[in-house]
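Notes follow once the structure below has been shown.
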Number of protein chains: 2
Amino acid sequence: MSKYTIGVDYGSLSGRAVLVETSTGKEIASAVYEYPHAVMDKTLPDGTPLGHDWALQHPQDYIDVLAKTIPEILKKSGVNPADVIGIGTDFTACTVLPVKKDGTPLCFLDEYKSNPHAYVKLWKHHAAQDKANKLNEIAEKRGEAWLKNYGGKISSEWAIPKIWQVLDEAPEIYNAMDRWIEAADWIIWQLTGVETRNSCTAGYKAIWNKKTGYPSKEFFKALDPRLENVVEEKLGTVIVPLGDKAGELTEEMAKLTGLKAGTPVAVGNVDAHVCVPAVGIDGPGKMLAIMGTSTCHIMMGTEEHQVPGMCGVVEDGVMPGYFGYEAGQSCVGDHFAWFVENCCPASYFEDAKAKGMNIHKYLREKAQKLKVGQSGLVALDWWNGNRSVLVDVDLTGMILGMTLQTTPEEIYRALIEATAFGTRMIIENYREHGVPVEEFFASGGISQKDPLMMQIYSDVLNMPIKIAGSEQGPALGSAIFASVAAGKAAGGYDDVFEAARVMGNVKDVVYTPIPENVKVYDKLFAEYRKLHDYFGRGANDVMKRLKEIKKSI
Amino acid sequence: MSKYTIGVDYGSLSGRAVLVETSTGKEIASAVYEYPHAVMDKTLPDGTPLGHDWALQHPQDYIDVLAKTIPEILKKSGVNPADVIGIGTDFTACTVLPVKKDGTPLCFLDEYKSNPHAYVKLWKHHAAQDKANKLNEIAEKRGEAWLKNYGGKISSEWAIPKIWQVLDEAPEIYNAMDRWIEAADWIIWQLTGVETRNSCTAGYKAIWNKKTGYPSKEFFKALDPRLENVVEEKLGTVIVPLGDKAGELTEEMAKLTGLKAGTPVAVGNVDAHVCVPAVGIDGPGKMLAIMGTSTCHIMMGTEEHQVPGMCGVVEDGVMPGYFGYEAGQSCVGDHFAWFVENCCPASYFEDAKAKGMNIHKYLREKAQKLKVGQSGLVALDWWNGNRSVLVDVDLTGMILGMTLQTTPEEIYRALIEATAFGTRMIIENYREHGVPVEEFFASGGISQKDPLMMQIYSDVLNMPIKIAGSEQGPALGSAIFASVAAGKAAGGYDDVFEAARVMGNVKDVVYTPIPENVKVYDKLFAEYRKLHDYFGRGANDVMKRLKEIKKSI
């Protein structure tokens, strides 16, 4: 008799549940629910206006995802709830909210529902940048050792800058909250009635380290005396590694979802990191790139190395027992969307339309016909700053080599190549700092639908590229962790490595490097790297100076 | 009783005659005739195929321009031919042809009419590049002093590489020709029956110098022993300064044109240089930029300075008694045409169409609304190489500072600004080498129809910009020189300076620098200059390496 687990993936605009067979990893049914409140970036539901760079969510939407999607997949599949042996979830991060001791979000309480700080701050809430800047300045001045675990910089998107913003702008909310908790952990609390904190968000987003814990009281006091005891007062101190069981489904949640009370629930997880087992990765040195509007690179290593310019290294941050490394590129799919909107000529749209083709497909078909190096172009992929290696949001894009014969498809291809060179910089940076990168996997939308780009990546990296078998990588990953929470005896697995090997999968097609392309790309990458270092490491800070001029206008 | 002169401007595709009143410079009538053979770059009239990069013309077309346009303007204006006191012409250069002792073009003779080398080699005939390369190499090795008068490089477009190509590929034509002559001088020969050579093309295109003459026999022998006596055998040695009278209209030409035999004819001139008096320039330090698809900068100085990277310095090269300086930018209007064709999005075309606007006008209107420095962009205007200061055809374009918010009009404006920075480099280069630039004039199509660009130039250069009053700058300039050939007694002028002051004119509108813009452009120019030197002077030859990779594919 087959057993099943459910993975629920909470994205930025919707939640998706997938029912997976544990013995095969086969996806049986799925359902999506779009958040009614979506992203609130102008006003609260009652019309209260929000500031510039704000991005909030409503936690009721997360509960409603469970109520809508799980009954739907049970119905679609006809699977007996008794055969669903576990449930796992993953979330965007750092997506974080203030709650009472019992888990009630402050925004559920009448007295706070008009206070923007009572709501969920979504990962892309960017209004705490000044706090992040101050935090980094103070941490650097104090020589905080943990700073190097984050490539030397804490992001404004993360938990401490965000709670500091609450304290500063709405001390009444800061005082009223008993917990400041990742939505990834809050949803598990709702499912199980038990408060847990997962090692992934704690490590990558809240500056927690398995060996050294959180930053010291002195550090927090240096930020603001009122933050001295923030860890004990607002953050949890018991951190649970990924792969553990958080608890079991409550009666109330069983009623809401149609599942059986007592169903094991995995600890919370993050949408990018949870994809790793979904492609079958079961150990170190295997990099997964999750490629969409931006790219996130997740990998495990056996040692903790402080690699300059990475996003973070966290023990148990991806799978238990390994050091999880995260890096990223801020502008990948966004790059091509920008190009199509701003640079693609009318004649191309007309021709694509006449042929009934999507404009990206049309451009890719033209770009595919170009030989490597034929355009004479090289670009720096910094249209949205540089997230890894240089970690500098003030860097901007560059393209070089244009002549009067340069065509749109040549520019389009140069932008694709630039993102591939950016990935190669990340990989070479790891290698130069003692972290081996031996295999390369790709998941996310681009990996599924862009063979040209995958071949370019393979040629630029000189590595075979394996492609995720599932289009629902995060939900499948969550279902894999759910099967580990269930355990072997119940029809699941005792560890995530075995679960990954069985339930994770890649496509049959593997992109392999074409030697003659590799040879030319090696030369082009040498040019990219020289320009990367010239503009990115201080020899010519023209990009920053132009931004300053822009700001001064 | 009013007197008149006629200026005939020979362009790349047509000839234009303008009848001008000498006492006012007023243009009374004009007529255009398109060359029936246009530019021959694929085949001769009889189907004989041409090589790659060839560009020929048929000299009969030049005669036909006189036969068609002069009667037409006489008829249109009703002016009595007796009141036409002079005729002047200007030509593209170096546009050059082989002729017999009596001036008959070899291509008019039956035995040569299927030989491509018997025809006119138009300025943009680029098939002598290997000859130019060898010439430069030999000249540099021999330490030829004159090389520095041309910024260190002789162009493949000029007279010596072109005749060397004839010698090499068609020695029978080389042997059959008695003269190798600029079309600018040949047309004067046809009009007057007298062979002359003007100081402008001799100096700028045939390496002649008023003090030192042509290069030595030893130099020519080093190129090819058969060229040892090329000067005496094929080029004329009597050079006539601009402003002189070449001769008088023959009976035959009087019949052809409807003018009176004996009408004074000015010595030949070049379409760019002849524009200088047309804007009223009468002395040194006043730069004229003739702005179209590319830009040509002409100026006079009182001393001969060897300015690195200029196109040439020639005594009597613009007006008698001064040293004429020429510089240029290879990609100005072409830049914007490329942008519109390759980078301008469909939505802009649709919106422009809905508003009934030309797309350039539409883009300029959007670009005009931007504040200086607001885009955060800076570009290098090398889409077609760099003609002056760096003199390097292998340089390519660059643009820097793009973000996901960058708009098409921002890029469009950055390209305009890049050409303005390029002009400022040329001016600063002159100043740094002892050649003062005190005033700035603009003529050519762009100066007439693009106020945004003119204002940007004024702000970037921090100089007022005066705009040519005539849209027919070359023809007006030729008419001015014609009035000098006629002389004061006949109703003309005794020198070109006085003629320029009276007959030349600028528009009432002068573009003056806006101090707040100047301040920001000074900062942006500093960035441009740094990038210009980094990519242009050897610190990073990435553009050349990319071109090499491109060639090797």
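The values are calculated or read from the model by the stated rules, or taken from the named source; none is laboratory data. Because the structure is a prediction, the values reported are computed rather than measured. With ideal geometry, Cβ positions are generated from the backbone for all residues, glycine too; neighbour counts draw on all protein chains shown. Heads up: the accessible areas ignore ligands, DNA and RNA and are worked out on the full protein's heavy atoms, side chains in. Shrake-Rupley method; radii C 1.70, N 1.55, O 1.52, S 1.80 Å.
Which is farthest toward the positive dipole end of region B:60-168 among B:A82, B:H125, B:V99, measuring Cα position about the Cα centre, with Cβ charges +1 (Lys, Arg) and -1 (Asp, Glu)? Toward the positive end, the furthest listed residue is B:H125.
Protein heavy-atom accessible surface, 1.4 Å probe, per residue over region B:12-158: 41 Å². Listed by chain and number, the lysines placed with their C-alpha closer than 24 angstrom to that of A:K260 are A:K3, A:K26, A:K68, A:K75, A:K76, A:K245, A:K488; residues fewer than eight positions away on the same chain are left out.
Put the Cα centre of region B:218-269 next to the Cα centre of region A:117-194 and the gap is 83 Å. The share of alpha-carbon pairs in the protein assembly as shown lying farther apart than 60 Å comes to 28%. For chain A, no complete DSSP H run has alpha carbons reaching 27 Å or more along its own long axis together with a mean Kyte-Doolittle score of 1.6 or higher. The residues packed around B:F525, meaning those with a beta-carbon under 12 Å from its beta-carbon, carry a net charge of 0 if Lys and Arg are +1 and Asp and Glu are -1. Here the alpha carbons of region B:130-259 define both size measures, Rg and Dmax, at 16.1, 54 Å.
One decimal place: the segment A:K124-A:E34 gains 30.6 nm when fully extended, by the rule 0.36 nm per residue minus the C-alpha distance.
The trypsin sites (Lys or Arg not before Pro) found in region A:222-288 include none that occupy coil by DSSP while having at most 12 further C-beta atoms within 10 Å.
Summing +1 for each Lys or Arg and -1 for each Asp or Glu among the other residues whose beta-carbon sits under 14 angstrom from that of B:M425 gives -2. Listed by chain and number, the lysines whose C-alpha is less than 16 Å from the C-alpha of A:K353, apart from same-chain residues fewer than 8 away, are A:K361, A:K366.
In terms of its C-alpha gyration tensor, region B:1-100 has a prolate overall shape, because the principal axis ratio a/c (a ≥ b ≥ c, square roots of the eigenvalues) is not below 1.5 and a/b outweighs b/c. Per-residue ellipticity at 222 nm for chain B, helices alone: DSSP H runs ≥ 4 residues times -39500 (n - 2.57), over residue total, nearest 500 deg cm²/dmol? Result for chain B, helices only: -11500 deg cm²/dmol. Partner aspartates and glutamates whose Cα lies under 20 Å from the Cα of A:K141, excluding those fewer than 8 positions away in the same chain, are identified as A:D130, A:E218, A:D224, A:E228, A:D392. The other copies place their B:E471 label points at 5.8 nm from this one, listed shortest first, where each point is 7 Å from Cα along Cα→Cβ. With a Förster radius of 51 Å applied to the beta-carbon distance between A:E438 and B:D110, the computed FRET efficiency rounds to 0.10.
Sorted shortest first, the distances from the A:A145 label point to those of the same residue in the other copies are 7.4 nm; each point sits 7 Å from Cα along Cα-to-Cβ.
Pairs from the list A:K371/B:K551; A:K449/A:K523; A:K131/A:K205; A:K547/B:K519; A:K286/A:K507; A:K523/B:K550 with a Cα-Cα gap above 19 Å: A:K449/A:K523.
Where a ≥ b ≥ c are the square roots of the eigenvalues of the C-alpha gyration tensor, would you call region B:456-553 rounded, which needs a/c under 1.5, or, failing that, prolate if a/b is larger than b/c, or oblate? Judged from the Cα gyration tensor, region B:456-553 comes out oblate (a/c at least 1.5, b/c at or above a/b). The B-A contact accounts for roughly 4300 square angstrom of buried accessible surface, both chains included, probe 1.4 angstrom. A Förster distance of 30 Å, applied to the separation of the beta-carbon atoms of A:K551 and A:E341, puts the FRET efficiency at 0.80. Under 19 Å from a label point set 7 Å out along the Cα-to-Cβ vector of B:D102, the amide N atoms of region B:162-185 belong to B:176-181.
Here the contact order of chain B, divided by its residue count and restricted to Cα pairs under 8 Å and six or more residues apart, works out to 17 percent. Within 10 Å of the Cβ of each residue in B:343-352, the mean number of Cβ atoms contributed by other protein chains is 5. Across peptide A:214-225, the average count of Cβ atoms from other chains found within 10 Å of a residue's Cβ is 0.
Under 15 Å from a label point set 7 Å out along the Cα-to-Cβ vector of B:K507, the amide N atoms of region B:268-282 belong to B:279.
Between B:S216 and B:K544, the contour length at 0.36 nm per residue exceeds the Cα-Cα span by 114.7 nm.
Placing pseudo-labels 7 Å out from each Cα toward the beta carbon at B:E471 and B:K361 gives an inter-label distance of 1.3 nm. No solvent, one uniform scatterer per C-alpha: report log10 I(q)/I(0) for chain A via the Debye equation at q = 0.06, 0.10 1/Å, two decimals. Log10 of I(q)/I(0), two decimals: -0.29, -0.84. In terms of the Cα gyration tensor, with a ≥ b ≥ c the square roots of its eigenvalues, is region A:174-234 rounded because a/c is under 1.5, prolate because a/b exceeds b/c, or oblate? It is oblate, given that a/c is not under 1.5 and a/b is not larger than b/c.
Computed from the C-beta positions of B:D46 and B:I514 and an R0 of 51 Å, the FRET efficiency is 0.30 to the nearest 0.05. Please compute the Kirkwood hydrodynamic radius of region A:360-461 from all pairs of different C-alpha atoms, in Å with one decimal. After inverting the mean inverse Cα-Cα distance, the result is 14.8 Å. Relative to one another, the C-alpha centroids of region B:402-445 and region A:516-553 are positioned 23 Å apart. Counting, for every residue in B:375-384, the Cβ atoms of other protein chains within 10 Å of its Cβ and taking the mean gives 4. The fraction of accessible area contributed by carbon and sulfur in the protein assembly as shown is 49 percent, rounded to a whole number (1.4 Å probe; ligands and nucleic acids excluded). In a DSSP loop and with at most 16 other Cβ atoms within 10 Å, the GluC sites (Glu not before Pro) in region B:461-543 are B:E471. For region A:35-114, the list of trypsin sites (Lys or Arg not before Pro) that fall in a loop by DSSP and count at most 11 other C-beta atoms within 10 angstrom reads A:K42, A:K101. With a cut-off of 14 Å between beta carbons, the residues surrounding A:N384 carry a summed charge of -2, where Lys and Arg count +1 and Asp and Glu -1.
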